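The values are calculated or read from the model by the stated rules, or taken from the named source; none is laboratory data. Predicted model, so just to flag it, every value in this text is computed and none were measured. Neighbour counts run over all protein chains shown; Cβ positions are idealised from the backbone, glycine included.
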Amino acid sequence: MKQIFAILLLACIFSGVRGSGPRDWLEEANRAYTEGDYATAIEKYTQIIDSGYVAAEVYYNLGNAYFRNHRLADAILYYERAKLLSPRDQDILFNLELAESYVKDNIEELPRPFFTRWYFAVVRALPPAVWGWISLGAFILAFLFFSLYLYLHRPGIRRWSFRLAVVMLLFSVFSLVFAREHYGLIYGKQRAVIYQPSVTVKSTPDESGTDLFILHEGTRVTLEDEMGEWHEIRISDGNKGWVPGEAIRVI
């Protein structure tokens, strides 16, 4: 279904283009994938992305081709990029979880208090843009209720108008906070995928640093700092260290 949708979408965008182009590459990529020629599918999907066309469907299809071609790190990388564009897509989430089940590193996340888990569940419930529109709508309602409070003279209506204005104003503020928080979760600190079969994480940004631990292909990390060709990374259990730049691919 995703492949058909992507074909139709690209057909509309590139209907005026003659000769070989993204539309032709997508058709060739989908045909190659169906026939089990995953190397050709990877080549064509990559050509589409390199041409400047960015879509969750293309990243997702490329991730599938890499997964079928037994290239785990690349598969996770492109599933993650697809997830950035379509964070609630169930197919993307399912295939990403499936690919991660093949990663050697089983890292447990730091436990979070119940309130923190509940808070971030609410933040992730809606995209940042939707939270932003809700905030704007609540602010407009707060303004209208406050106007009623100022210009009406009946005590009962004025009292309820003032209360509703305060509630809507608070709701607007919280919605705006949720929008900023969700945006930060998506586009804040950069994340990356370990790209080599294994890499030794160092205590300092050089080969002479103390060996801290080993990470394997496909493990996701958060980028904390950069020094020359080295990157400081943090894994989900809170441990940090330095790895060379060629050992990772930024999501």
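Miscellaneous remarks
- For region 82-105, a tally of residues being touching a residue at least 24 places away in the same chain (Cβ under 8 Å), out of contact with any strand residue (DSSP E or B) (no Cβ under 6 Å at 6 or more places or on another chain) and acidic (Asp, Glu) returns 3.
- Enumeration of residues in region 188-225 that are in contact with a Pro (Cβ under 9 Å, 6 or more places away or on another chain), closer than 29 Å to residue 87 by Cα and free of Cβ contacts under 8 Å to residues at least 12 places away in the same chain: 225
- Within the set 165, 179, 192, the sole residue that is closer than 30 Å to residue 250 by Cβ, in contact with a helix residue (DSSP H, G or I) (Cβ under 6 Å, 6 or more places away or on another chain) and of a type in the set (Gly, Ala, Ser) turns out to be 179.
- Where residue 92 falls short, out of the listed (1) more than 15 Å from the chain's Cα centre (by Cα); (2) among the β-branched types (Val, Ile, Thr); (3) part of a helix (DSSP H, G or I): (1)
- Any hit, region 236-250, residues being assigned to a loop (DSSP other than H, G, I, E, B), over 29 Å from residue 131 (Cβ atoms) and touching a helix residue (DSSP H, G or I) at 6+ places or on another chain (Cβ under 8 Å): no
- With respect to the conditions (1) modelled with pLDDT of 90 or more; (2) assigned to a helix (DSSP H, G or I); (3) surrounded by 14 or more Cβ atoms within 10 Å (Cβ to Cβ), residue 97 lacks only one, and its number is (3).
- Verdict on residue 135 being among the polar types (S, T, N, Q) and touching a residue at least 40 places away in the same chain (Cβ under 8 Å): yes
- For region 107-129, the candidate set comprises residues that are surrounded by 12 or more Cβ atoms within 10 Å (Cβ to Cβ) and free of Cβ contacts under 8 Å to residues at least 12 places away in the same chain; within that set, the residue that is farthest from the chain's Cα centre (by Cα) is 119.
- Flag for residue 41 being in contact with a helix residue (DSSP H, G or I) (Cβ under 6 Å, 6 or more places away or on another chain), among the hydrophobic types (A, V, I, L, M, F, W, C) and at pLDDT 80 or above: yes
- Residues (in a helix (DSSP H, G or I) and either acidic (Asp, Glu) or over 18 Å from the mean Cα position of the chain (by Cα) (or both)) located in region 43-71: 43, 44, 45, 46, 47, 48, 50, 57, 65, 66, 67, 68
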